[in-house]
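Comments concern the structure below.
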Amino acid sequence: MTVRPITRVALVGAGALALLGPLAATSASAAAEDARGGDRVLAAPYAVEPYETVNVRSGPARSYDKVGSVTAGQPRGAYCWTRGETISDHGYTNDVWVQLVEGYVSAVYLKGNEYGDLPASARC
């Protein structure tokens with residue numbers, strides 16, 4: 001008789017583990033994605049952070065292809081800054097574009113100084 005209750009406990013426990021499996025896998029993949037985002041920051045000499053979601057372009061102007069976007073508050077690795085199309089938004093006007101690992105973003109949307117907090121000497 002003692003075998004039957006133990007078998008039930010084992011089956012219930014196995015069922016709970018089966019239900020938790022996908023949850024654990026999802027958490028692991030989310031952690032891996034966070035780590036990749038961190039790698040993108042560490043891969044470049046500087047880090048920038050947009051204060052709103054911003055389009056990433058293949059070159060320093062809106063006429064270049066959109067290659068992605070960066071979510072507000074998500075730090076990204078940056079290499080340098082260059083002059084490009086003048087952008088005006090939120091009361092700021094600037095022709096500085098910052099080269100990220102993924103492409104270019106206007107410094108108008110980045111926290112910090114007119115160069116997106118890169119040093120003036122970091123010109124491309």
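Please tell me the relative contact order of segment 44-124 in percent, rounded to the nearest whole number, where contacts are Cα pairs under 8 Å and at least six residues apart. Relative contact order here is 31 percent. Per-residue surface analysis assigns Glu52 an accessible area of about 60 Å², computed on protein heavy atoms at 1.4 Å probe radius. Compared with the direct C-alpha span, the chain from Asp89 to Ser63 gains 7.7 nm at full extension, assuming 0.36 nm per residue.
The values are calculated or read from the model by the stated rules, or taken from the named source; none is laboratory data. Values in this document were obtained by computation on a predicted structure and should not be read as measured data. These area figures cover heavy atoms from the full protein model, side chains too; ligands, DNA and RNA do not enter into them. Shrake-Rupley method; radii C 1.70, N 1.55, O 1.52, S 1.80 Å.
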